[in-house]
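Trainee: Sending over a structure as structure tokens; questions will come in a sec.
Values quoted throughout were computed directly from the atomic coordinates according to the rules given, and no laboratory measurement underlies them. Because the structure is a prediction, the values reported are computed rather than measured. Here Cβ is always computed from backbone atoms with ideal geometry, including for glycine, and neighbour counts include all displayed protein chains.
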């Protein structure tokens, strides 16, 4: 597990681009162009952390978390569920939460069909980044509203200064981040990682 | 290959829900809840069809096509590239095309960072559905604008009556659909497949 995290940290240190004190650009391997080797490694780390816990559903919010959630689901042998931005014409019986988009600063409505989440489900919420925790908290509330069991949260990269971990603490479940960043320096391009 | 397509067709016949003469709901396995077994099978079919053709990039438009494109890219050993809806604050040097969303009927701007697509690239455009062909045609134009080589289009499901194939014909490359639907009957819920 530690080896997986080390490799991810090296990857981020080499290819991540600091574009502001709060923004790390990972477009070359995780967010715009997707490198399956990175996603596979991150999926492996998260799947190992939650193996044997009876997860039945890996939940994320589209679109940034989709491939990570998919890869974790694939490795755990369960389905992934994507909360959609805005209800499509073909969706039925919907759970909704409105949040502010973390990257675009506009209101976004997250929608989940009730038919895919119920009391028998044991849910792992997965996303690429943990920053303010807004999106994951909204997903966790939807899990509660569906009377499903929330087992934990898992993130590839935690931006520690966003205090998302504090927001998610109220759900009382494990929060796993594969890589934790404590500081981004746009002047030097430096990325400071937490000591693991 | 024929066996892969047969299995996908059976899956769609069993779990797809006809919600209108032009709409097939695949939310239980492909679009909202994602079944990795279906995606793996579809990815296998597309990757086999384009194996050995020197593909360097699998391109799609987020979010519906993301996991299929990822799975195809994973199997071909290359990166996937997702045209994003609207430019994020962290994107640089952007190719843009505005299209009408096929499911929501609103204008959507597709954005691609120029740095990830260039003259050396051999691109396969992948999506879940071929319907009107609008999204794929916009992506193909961006490939041309980037002076990359378009190798082909691949879709999991073609809705033949959308005439998307005719729209894409002008690009002069192979168009592969794993499953082709000729008619949806909302009264009976029937799905008619093309004879393969």
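Trainee: Within the range B:45-60, is even one residue closer than 19 Å to residue A:58 by Cβ and surrounded by fewer than 21 Cβ atoms within 10 Å (Cβ to Cβ)?
Mentor: Taking every residue of the range B:45-60 in turn, none turns out to be closer than 19 Å to residue A:58 by Cβ and surrounded by fewer than 21 Cβ atoms within 10 Å (Cβ to Cβ).
Trainee: Any idea how many residues of the range B:116-134 are within 14 Å of chain A (Cβ to nearest Cβ) and exposed (fewer than 15 other Cβ atoms within 10 Å of the Cβ)?
Mentor: 1
Trainee: Would it be correct to say that residue A:69 is touching a helix residue (DSSP H, G or I) at 6+ places or on another chain (Cβ under 7 Å) and buried (at least 16 other Cβ atoms within 10 Å of the Cβ)?
Mentor: No: the conditions fail for residue A:69.
Trainee: Go through the range B:35-60 and report how many residues are within 8 Å of chain A (Cβ to nearest Cβ) and touching a helix residue (DSSP H, G or I) at 6+ places or on another chain (Cβ under 6 Å).
Mentor: Residues meeting the conditions: 3.
Trainee: Only one residue in B:77, B:86 is under 16 Å from residue B:109 (Cβ atoms), at the interface with chain A (Cβ under 9 Å from one of its Cβ atoms) and surrounded by fewer than 18 Cβ atoms within 10 Å (Cβ to Cβ), so which one is that? Show your work before the answer.
Mentor: Details: B:77 fails: under 16 Å from residue B:109 (Cβ atoms).
The match here is B:86.
Trainee: Taking the criterion of being farther than 30 Å from residue B:15 by Cα, touching a residue at least 60 places away in the same chain (Cβ under 8 Å) and part of a strand (DSSP E or B), would at least one residue in the range A:103-122 satisfy it?
Mentor: No, because not a single residue in the range A:103-122 is farther than 30 Å from residue B:15 by Cα, touching a residue at least 60 places away in the same chain (Cβ under 8 Å) and part of a strand (DSSP E or B).
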